[in-house]
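Below is one structure, written out as structure tokens; the observations come after it.
The values are calculated or read from the model by the stated rules, or taken from the named source; none is laboratory data. For clarity, every value in this text was computed on a predicted model and none was experimentally measured. Positions of Cβ are backbone-derived with ideal geometry, glycine not excepted, and every protein chain shown enters the neighbour counts. Accessible surface is based on the protein model in full, side chains and every heavy atom, while ligands, DNA and RNA are left aside. Shrake-Rupley method; radii C 1.70, N 1.55, O 1.52, S 1.80 Å.
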Amino acid sequence: MGGLSVVGKGVARVDALEKVTGQAKYVMDLKLPNMLHCKVKRSSLAHARLLKVDTSRAERLPGVKAVATAADTPNIRFGFYVKDETMFAYDKVRFIGEPVAAVAAIDEETAEEAIELIKVEYEELPAVYDPLEALSETAPLVHEDIASYQAGFSAVKYRNVCSHTTLKKGDVEEGFRQSDFIFEDTFKTQVVHQCSLETHPVLAEIDGSGKASLWGVSSMMFPARELLSQALGIPMTKIRIQTVHTGGSFGGKVGYIPLGICLLLARKARRPVRLVLTRQEEFIGTNPRHPSIITLKTGVTSDGRLVSREARIVMDSGACAVDGPAVMTNTATSAPGPYNIPHVKVDARCVYTNKQPFGAFRGYGHPQAYFAVESQMDIIADKLGIDPVEFRLKNCFEKDGSELPTGHRIYHCGLKETLVRASAYISSARPASAENKRWRVGRGVACMLMESGLSGSGAFVKVNDDGTFTVITGTVDVGQGCSTVVCQIAAEELGVDLADISLIAGDTDTGPYDFGSCASRVTRAAGHAVRLAAADVKKQLFELACDRLEANIEDLELRDKKVSVTGSPFKSISVAELATMSIFERSGPILGRGAFLDKGGVPLSERVSGYAKSEGPSLQPATVIAEVTVDTETGRVRVLRCVESQDVGRCINPATMEGQIHGGVVQGIGYALTEETLFENGRILNPSFVDYKMATALDTPQIVPLIVEELDPTGPYGAKGAGEAPIVPVAPAIANAIYNAVGVRIKELPITGEKIFMAMKKSQGGKE
Amino acid sequence: MTTELISLVVNGEAHQVLVKPNWTLLDVLRDELNLTGTKRGCDTGCCGACTVIVDGKTVNSCLMLAMKADGRNILTIEGLARGDKLHPIQEAFIEKGALQCGFCTPGMVLSAKALLDENPSPTEEDIKTAIAGNLCRCTGYIQIIEAIQAAARNLAGSASRR
Ligand code: FES
Ligand code: FES
């Protein structure tokens, strides 16, 4: 890492001190004078016509200051991809937990009591919970008016299908004729919740001019502001969204509905209103990961070349589209995996059911796809008698020039390198545990490739008159550490220490547009914008300095808050002096600006229909090798070790990057083995941490992060996006390791001990 | 509802608070004493974000009725540093990168403190067991475990120098 002094170092996070001392403020810690407390009345039925919402008794309860229902909104349907959402249900309720009304009262107890006094009259309708049933001609319709809903991009929608995507390359039938073996397997994945430790909080205040200040935890503040503006018919100048510290998001904290509800109540009550979802509401009322059913039919030659793949995907969207069309497109375009397959056909449908709407969760469609793809890779390798790593290396994309199934060429892709690094590590490592008759040990590999980055980000850099710098971005640190990373990038570009940078972020009024903390885009897009803004400042400083130093601009350098002539360190002028000179004698204060567009997400390929998008220009490749031990008497699995090798391009901060890998692996273990939101007739049976089993410290295996740096020239200092990849290959690697240990193949997540036990029993006790 | 006046010492400071019978210690700390460093992640005793130390033992403050805290001595995250001087566990959390969103951090740090007070040289298993009631969704626990190990070493080092 020649010549870099801040980038590439595992510096401590800029927010660490306030977090270890308990001083860091989260939205639920904020209070305003006269603040009211909000509670939401939620639908108790999965599908019903809404006949009447009688709030009169609640309104009369002493201490209640405002009640809001759909009648307080313009009832404009809104949404990112299909405009099918409303703030409150008004014609029908479509899932248990859908907001019907909300109350603002002097304390939480009163608000809760008021909620009980709201009487809702329903006419129950037949509901549909199973996405396959929802596809049938006779199924009840979740949204009767779907044809009239506006959709972004080119979503194809009909009946209960809110988005239908296809992908076609070559001729799969011809491909199957050329194949020696054909495999067909169906995989199922479950609903898992983001389970950020902080639930959704919102604080809303309307000022004297009618402007709403909203403190929320929106990881996508600017898109959230746009949706609120659309949904409530309020101009963006009257909505300000700010974030303070955020207690995790993982895609779950988009939060425009809680923001809207609080805004409405604060406007009605003319007092600040705070809403903090309970853990139970968090489970029933937010947008967890889509469950999926994925069938892969794959043709291979006997020497292990993939020839043809047909994939059929049904994704359960729940009651609204939310992120569904885009998540499903990722699943669809990933169904061929990171492999050269000449013939590919994918048919994917995102289907409404009367369950909570599913949404974005780390990996965004890839965890589902890769569980199927990488499980089947091992099924095939096993049958052909080829080593799983060799089989993958034989078929996987090259570093430069391989063609994605969408038709795009890829470059700077370190996928092969991650496979080689992980398997080299494991082949020289001792087994994580010894085997005995009862506890069998197995190893499994899985790799994956996903794009990163999309949309635009802006940044400003100010020069302070003491020679320090202030960075202003529209980005939001949801906990992953992007504040630290963008400060490192600014410090590197400006030649100063981290301590000489102050950061203003997380405010739609002060910051330039930023699409948000999603799609592993922040380091690339926001980081790039910050770098450009810093370079702009540097250029202006050099222009001011060159006269004074009697030197050419090309010969100047900026370091330690001084501009000096390269090779003549005594010829220098301080940034402080230049800043003051500029303010009083030249052109006023020095302001730097940077803007960057990451060209992912743009419809480009004629091979994809329904919701076309390009794979982003940058890729996140990763490989996991998992080692597990399985109890042959009970089916219980313990993950002993996970080696995760990931190509992150330039690793801006190795410490935070390793943290991303650790966290992703442990979330992936939960997805593989224990986590599942269980539904019965649309009702969630386990909306609490008692019954929803997240991994604890006791479940954490040894984790070995191996960082590959295949630089990507389109990212700042060669950085790639990296936050989502770590979770994606974990579940299939564990499934493959379980097969390796006891010879049973489980195709449905989560792979519980019970499923393994039953499968072992069926195959007479597993491998002998 | 009848209220009752309780006395408690929090971070060395004596307080008297008028509480309702259904209030928890967490309600008192966050809402009455404005000590918001103690977090609420579930309110049902499952996540450990509300961990505080009561008379030397960790407690999920969301489960402890405020009236039960009468006469007790409570340490919250705000009381751990001595002025600007961080506790070695806090220092180790920063140095090892043992936090991301930071929402679990106050509870984690206090669980670590209770452990090291009782067992100055814990094994990795001891540490995992001691923080098993503190959920973290971000870090995968690895850097937290490393930080507690580092803090144990630093505390042992400074104790032997004394
Ligand atoms: S808030 Fe007390 S244990 Fe979760
Ligand atoms: S750091 Fe986010 S929950 Fe632990």
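With the radius of gyration and the Kirkwood radius both derived from the Cα set of segment B:4-79, what is their ratio Rg to Rh? Don't skip to the end; give the middle numbers.
Details: Rg = 10.8 Å, Rh = 11.9 Å.
Dividing the radius of gyration by the Kirkwood radius yields 0.91.
How much solvent-accessible surface does A:Cys487 expose, in Å² to the nearest 10, with a 1.4 Å probe and all protein chains in place?
10 Å²
Quantify how much of the Cα-Cα distance distribution of segment A:629-673 extends past 12 Å, in percent. Intermediate values should be presented prior to the final figure.
Numbers: 682 of 990 pairs.
Percentage above 12 Å: 69.
Relative to the isolated chain, which residues of segment A:672-715 have their accessible area cut by 50 Å² or more in the presence of all protein chains (1.4 Å probe, heavy atoms, no ligands or nucleic acids)?
When all protein chains are present, A:Phe689, A:Met694, A:Ala697, A:Leu698, A:Thr700 each give up 50 Å² or more of accessible surface.
Express the C-alpha Rg of segment A:435-479 as a ratio against the empirical globular expectation 2.2 N^0.38 Å, rounded to two decimals. If you can, show how the numbers build up before the last one.
Details: Rg = 24.1 Å, N = 45, 2.2 N^0.38 = 9.3 Å.
Cα Rg divided by the expected 2.2 N^0.38 Å: 2.58.
Over 5 Å intervals from 0, what percent of Cα-Cα pairs in segment B:88-160 sits in each interval?
Spelled out bin by bin, segment B:88-160 gives 3, 19, 33, 28, 12, 4, 1, 0 percent.
What quantity of accessible surface, computed with a 1.4 Å probe and excluding non-protein components, is buried in total between chains B and A, in Å² to the nearest 100?
Numbers: alone 8590 and 28300 Å², together 33170 Å².
About 3700 Å² of accessible surface is lost on pairing.
By a straight-distance test (C-alpha under 30 Å), which lysines pair with A:Lys538 as possible cross-link partners, with residues fewer than eight away in the same chain excluded?
By straight Cα distance, A:Lys538 reaches A:Lys9, A:Lys462, A:Lys561, A:Lys562, A:Lys571, A:Lys599, A:Lys720.
If you take every DSSP beta bridge whose two residues both sit in segment B:4-79, what share of them, in percent to the nearest 5, is antiparallel?
On the way: 14 of 16 bridges.
Taking every DSSP beta bridge within segment B:4-79, about 90 percent pair in antiparallel fashion.
Based on the Kirkwood radius over alpha-carbon pairs, what is the Stokes-Einstein translational diffusion coefficient of segment A:164-212 at 20 °C with 1.002 mPa s viscosity, in µm²/s?
My calculation gives 120 µm²/s for D.
Would you mind calculating the relative contact order of chain A from Cα pairs under 8 angstrom and at least 6 residues apart, reporting the percent as a whole number? Please list the in-between numbers first.
Numbers: 2016 pairs, mean separation 117.9, N = 768.
Relative contact order here is 15 percent.
Give, rounded to the nearest 20 debye, the magnitude of the charge dipole that segment A:82-171 has about its Cα centre when Lys and Arg contribute +1 at Cβ and Asp and Glu contribute -1 at Cβ.
On the way: 8 positive and 19 negative charges, 188 e Å.
Here segment A:82-171 has a charge dipole of around 900 debye.
Taking every pair of alpha-carbon atoms in chain A, give the share separated by more than 45 Å as a whole percent. Walk me through the numbers before you get to the answer.
Numbers: 76165 of 294528 pairs.
Result for the distance tail: 26 percent.
To the nearest Å, what is the center-to-center distance of segment A:383-407 and segment B:1-60, using C-alpha atoms only?
Cα centroid to Cα centroid, the span is 57 Å.
Take A:Lys52, A:Lys297, A:Lys253 and sort them by solvent-accessible surface of the protein heavy atoms, 1.4 Å probe, largest at the top.
Values: A:Lys52 105, A:Lys297 50, A:Lys253 0 Å².
Largest accessible area first, the list is A:Lys52, A:Lys297, A:Lys253.
What part of the accessible area of the protein assembly as shown, given as a whole %, is carbon or sulfur when the probe is 1.4 angstrom? Intermediate results must be reported in sequence, preceding the final value.
Numbers: 16570 of 33170 Å².
Carbon and sulfur atoms account for 50 percent of the accessible area of the protein assembly as shown.
Over chain A, average the accessible area per residue using a 1.4 Å probe and give it in Å², no decimals. Kindly include the intermediate steps, with their values, before the conclusion.
Values: 26460 Å² over 768 residues.
Here the residues of chain A average 34 Å² of exposed surface.
Taking only protein heavy atoms and a 1.4 Å probe, what accessible area per residue, in Å², does segment B:88-160 have with all protein chains in place? Don't skip to the answer; put the middle values down first.
Details: 2350 Å² over 73 residues.
With the other protein chains kept in place, segment B:88-160 gives 32 Å² per residue.
Can you tell me how much longer the chain between A:Gln280 and A:Asp465 gets when fully stretched, taken as 0.36 nm per residue apart minus their C-alpha distance, in nm with one decimal? Show your work: numbers first, answer last.
Details: separation 185, 0.36 × 185 = 66.60 nm, distance 5.04 nm.
Stretched fully, the A:Gln280-A:Asp465 segment lengthens by 61.6 nm.
Across peptide A:242-251, what mean number of C-beta atoms from other chains lies inside 10 Å of a residue's C-beta?
Counting Cβ atoms of other protein chains within 10 Å of each residue's Cβ and averaging gives 3.
I'd like to know which of A:Pro342, A:Ala505, A:Val637 lies farthest towards the positive end of the charge dipole of chain A, counting +1 on Cβ of Lys and Arg and -1 on Cβ of Asp and Glu.
The listed residue farthest towards the positive side: A:Val637.
For the charge dipole of chain A, defined by +1 on Lys and Arg C-beta atoms and -1 on Asp and Glu C-beta atoms about the Cα centroid, which residue among A:Ala155, A:Tyr90, A:Gly233 has the Cα displaced farthest towards the positive pole?
A:Tyr90
Across segment B:40-128, how large is the tail of the calculated P(r) beyond 14 Å, expressed as a percent of all Cα pairs? List each step's numbers first, then the result.
Values: 2655 of 3916 pairs.
The calculated P(r) of segment B:40-128 puts 68 percent of pairs beyond 14 Å.
Only protein chains counted, 1.4 angstrom probe. Which residues of segment B:28-45 are at least 40 Å² less accessible in the assembly than when their chain is isolated?
B:Arg30, B:Thr36, B:Lys39, B:Gly41
Kindly tabulate the residues in segment B:135-161 with an accessible-area decrease of at least 20 Å² between the chain alone and the assembly of all protein chains, using a probe of 1.4 Å.
Those are B:Leu135, B:Arg137, B:Cys138, B:Gly140, B:Tyr141, B:Ile142, B:Gln143, which lose 20 Å² or more relative to the chain on its own.
Straight-line reach from B:Lys57: which aspartates and glutamates have a Cα under 18 Å away, not including same-chain ones fewer than 8 places off?
Qualifying aspartates and glutamates at Cα under 18 Å: B:Asp70, B:Glu78, B:Asp117, B:Glu118, B:Asp126.
Quick one: which of B:107-115, A:14-22, A:475-483, B:19-27 comes out on top by average Cβ neighbours within 10 Å, and what's the full order, highest first? Please list the in-between numbers first.
Values: B:107-115: 26.1, A:14-22: 21.7, A:475-483: 28.8, B:19-27: 19.2.
The packing order, highest mean first, is A:475-483, B:107-115, A:14-22, B:19-27.
What FRET efficiency comes out for the pair A:Lys25/A:Arg60, r = Cβ-Cβ distance, R0 = 35 Å, nearest 0.05? Mind dumping the intermediate values first?
Working: r = 36 Å, r/R0 = 1.03.
So, using R0 = 35 Å, E works out to roughly 0.45.
For segment A:1-89, what log10 I(q)/I(0) values come out of the Debye formula at q = 0.19, 0.22 1/Å, with one point per alpha carbon and no solvent?
Result of the Debye calculation: -1.07, -1.20.
Below 8 Å between Cα atoms, with a sequence gap of 6+, how large is the relative contact order for segment B:88-160 in percent? Could the numbers behind the result be given before it?
Working: 74 pairs, mean separation 36.1, N = 73.
RCO, segment B:88-160: 49 percent.
Using only the alpha-carbon atoms of chain B, report the extent along each of the three principal axes, biggest first, to the nearest angstrom.
Principal-axis extents of the Cα atoms in chain B, largest first: 50, 36, 25 Å.
Measure off 7 Å from each Cα along the Cα-to-Cβ vector at A:Met758 and A:Asp400, then give the distance between these two points in nanometres to one decimal.
5.2 nm
Would you mind giving the mean number of other chain beta-carbons within 10 Å of the Cβ of each residue in A:189-196, as a whole number? Don't skip to the end; give the middle numbers.
Details: counts 0, 0, 0, 0, 1, 1, 4, 5.
The per-residue average across the peptide is 1.
Within 10 Å, count the other beta carbons around each residue, average over each peptide in A:533-544, A:718-729, and list them highest first. Walk me through the intermediate numbers first.
Numbers: A:533-544: 21.0, A:718-729: 29.4.
Highest mean packing first, the order is A:718-729, A:533-544.
How big is the gap, in Å, between the Cα center of segment A:703-768 and the Cα center of segment A:423-477?
Centre-to-centre (Cα) distance: 16 Å.
Treating only the Cβ of Lys, Arg, Asp and Glu as charged (+1, +1, -1, -1), what charge dipole size does chain A show about its Cα centre? Round to the nearest 20 debye. Show your work: numbers first, answer last.
Values: 85 positive and 93 negative charges, 150 e Å.
That gives chain A a dipole magnitude of about 720 debye.
If I ignore ligands, DNA and RNA and count only protein heavy atoms, how much of A:Asp691 is accessible to a 1.4 Å probe, in Å² to the nearest 10?
My reading of the accessible area for A:Asp691 is about 90 Å².
When only Cα pairs under 8 Å and 6 or more residues apart are kept, what is the percent relative contact order across chain B? Could the numbers behind the result be given before it?
On the way: 284 pairs, mean separation 37.0, N = 162.
Rounded, it is 23 percent for chain B.
Rounding to the nearest 20 debye, state how big the charge dipole of segment A:186-301 is about its Cα centre with +1 on each Lys and Arg Cβ and -1 on each Asp and Glu Cβ. Let's see the in-between values first.
On the way: 14 positive and 6 negative charges, 40 e Å.
With Lys and Arg at +1 and Asp and Glu at -1, about 200 debye.
Using only the alpha carbon atoms of segment A:50-205, find the Kirkwood hydrodynamic radius as the inverse mean reciprocal pair distance, in angstroms to one decimal. Write down the numbers at each step before the final one.
Working: mean 1/r = 0.0501 Å⁻¹.
Evaluated on segment A:50-205, it is 19.9 Å.
Rg/Rh for segment A:205-293: what does it come to with C-alpha atoms and Rh from Kirkwood?
Numbers: Rg = 13.7 Å, Rh = 13.8 Å.
Rg/Rh for segment A:205-293 comes to 0.99.
Give the calculated FRET efficiency between A:Asp691 and B:Glu124 to the nearest 0.05, with a Förster radius of 35 Å applied to their Cβ-Cβ distance. Display every interim value, and only then the final one.
Numbers: r = 28 Å, r/R0 = 0.81.
The pair A:Asp691/B:Glu124 has a calculated efficiency of 0.80.
Could you work out, for segment A:636-768, what percent of all Cα-Cα pairs fall into each 5 Å distance bin, beginning at 0 Å and stopping at the bin that holds the largest distance?
Per 5 Å bin, starting at zero, the Cα-Cα P(r) for segment A:636-768 comes out as 2, 10, 17, 17, 15, 14, 11, 7, 5, 2, 1, 0 percent.
Roughly how many Å² is the accessible area per residue of segment B:4-79, as a whole number, for a 1.4 Å probe?
Values: 3010 Å² over 76 residues.
Per residue, segment B:4-79 has an accessible area of 40 Å².
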